[in-house]
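The values are calculated or read from the model by the stated rules, or taken from the named source; none is laboratory data. These figures come from a predicted structure and were not determined experimentally. Counting neighbours? That spans all protein chains shown, and the Cβs are built from the backbone with ideal geometry, glycine included.
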Amino acid sequence: MLNMDFSQKVVIHTQDQPWQESPSKGVWRKPLAREGIENGHATSLVRYDAGAGYTAHNHPGGEEIIVLEGIFSDENGDYPAGTYIRNPQGSHHQPFSQDGCVLLVKLNQFQRGDSAQIVIDTQRGEWFPGYAELKVMSLHTYQGISTSLVHWPAGTHFLPHSHAGGEEIFVLNGEFIDEHGRYSAGSWIRNPHMSKHDPYVEVDTTILVKVGHL
Ligand SMILES: [Fe+2]
Ligand SMILES: [Fe+2]
C-alpha cells in the first residue's frame, strides 16, 4: 500500500523520483498512490519508451489518462500530449507508443455508473473564465466529482479556501504555490477533505485538478 490513507496530505515532486520497471519491457512507472503492486486503486506516472507496448487488457474499474509528453496510441487512435482520456468499465485496448510518451494514469477509481468513454484534445478545448484571471477547461463531471484544467496567469492570487471532498492537483507547467510549499511542473498534491490553503502563482501556470473524490 502506498499513500492510500486519503485523510493524509501527500506531496510528491515526481521530477525527483526515479522511474521503476513495470512487468512490460520498455514501460516504466512512478507510483503515486496504490493499493497493490498490479491491482486495485492506482495513480502513477507511466512512461513508454519508443516502440514499447502493453498487453491487451480490460478496465474493470475504469482508466483515466492525461498524456503529458509524446504520443500515446491504441488500436482506436493516436493521442498526442494534452489528450485527456477516460476508458470506462467494459472497455479494453492494447496500448503502445511508436516514439515514446509520458502519461498520468488513474486506475480503478471510476464511480459506479460512470460509463462515458471520453477523449478530449485539450490543445483545442475551450477555456471559460473563472475567478479573477483564472481560465478553466472542464474535462469531466459525475456525481460531485469534477476534473478540470485551470490556467493561472502570472501573478494570480486565489482566495483562501477549504476543500470539501478534497482536491488532487498535478502541475502541468509553471509553478503552483501556497503557504505550505512550492510545486513546480511534475508535482502531485493530494489535499484531504476539509484541508485549507491560500494558493497563488508568480509565473504562468497550468494545473490538472480533481475535486470531490477524497
Ligand atoms: Fe488501459
Ligand atoms: Fe485548493
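State all residues of region 82-115 that are in contact (Cβ under 8 Å) with a residue 40 or more places away in the chain, on the phi < 0 side of the Ramachandran plot and part of a loop (DSSP other than H, G, I, E, B); if no residue qualifies, say none. Correct list: 94, 95, 97, 98, 99, 109, 110, 114.
Would you pick out the residues in region 148-158 that are touching a Lys or Arg at 6+ places or on another chain (Cβ under 9 Å) and away from ligand 2 (no atom under 14 Å from the Cβ)?
Selection gives 149, 151, 153.
Rundown of residues vs (1) touching a Phe, Trp or Tyr at 6+ places or on another chain (Cβ under 9 Å); (2) among the polar types (S, T, N, Q); (3) in the same structural domain as residue 79 (by TED's automatic domain parsing); (4) crowded, with 18+ Cβ neighbours inside 10 Å, yes/no style:
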position: 4; (1), (2), (3), (4): no, no, no, no
position: 17; (1), (2), (3), (4): no, yes, yes, no
position: 27; (1), (2), (3), (4): yes, no, yes, yes
position: 38; (1), (2), (3), (4): no, no, yes, no
position: 43; (1), (2), (3), (4): yes, yes, yes, yes
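Being closer than 21 Å to residue 33 by Cβ and in the same structural domain as residue 29 (by TED's automatic domain parsing) is the filter here; which residues of region 103-148 pass it? Correct list: 103, 104, 105, 106, 107, 108, 109, 110, 111, 112, 114.
The strands (runs of 3 or more DSSP E) found entirely in region 137-214 that carry 1 or more residues being acidic (Asp, Glu) and within 18 Å of the chain's Cα centre (by Cα) are 167-173, 175-178.
Would you mention how many residues in region 17-66 are on the phi > 0 side of the Ramachandran plot and in contact (Cβ under 8 Å) with a residue 40 or more places away in the chain? Residues flagged as on the phi > 0 side of the Ramachandran plot and in contact (Cβ under 8 Å) with a residue 40 or more places away in the chain within region 17-66 amount to 3. Does residue 50 count as more than 19 Å from the chain's Cα centre (by Cα), farther than 19 Å from residue 185 by Cβ and modelled with pLDDT of 95 or more? Yes.
Each row is one residue, and each column tells you yes or no for (1) within 16 Å of ligand 1 (Cβ to nearest atom); (2) polar (S, T, N, Q); (3) more than 26 Å from residue 110 (Cβ to Cβ); (4) surrounded by 14 or more Cβ atoms within 10 Å (Cβ to Cβ).
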| site | (1), (2), (3), (4) |
| --- | --- |
| 147 | no, yes, no, yes |
| 154 | no, no, yes, no |
| 170 | no, no, no, yes |
| 200 | no, no, yes, yes |
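If you check residue 71 against the conditions, is it farther than 18 Å from residue 170 by Cβ, part of a strand (DSSP E or B) and not assigned by TED's automatic domain parsing to the domain that holds residue 156? It is true that residue 71 is farther than 18 Å from residue 170 by Cβ, part of a strand (DSSP E or B) and not assigned by TED's automatic domain parsing to the domain that holds residue 156.
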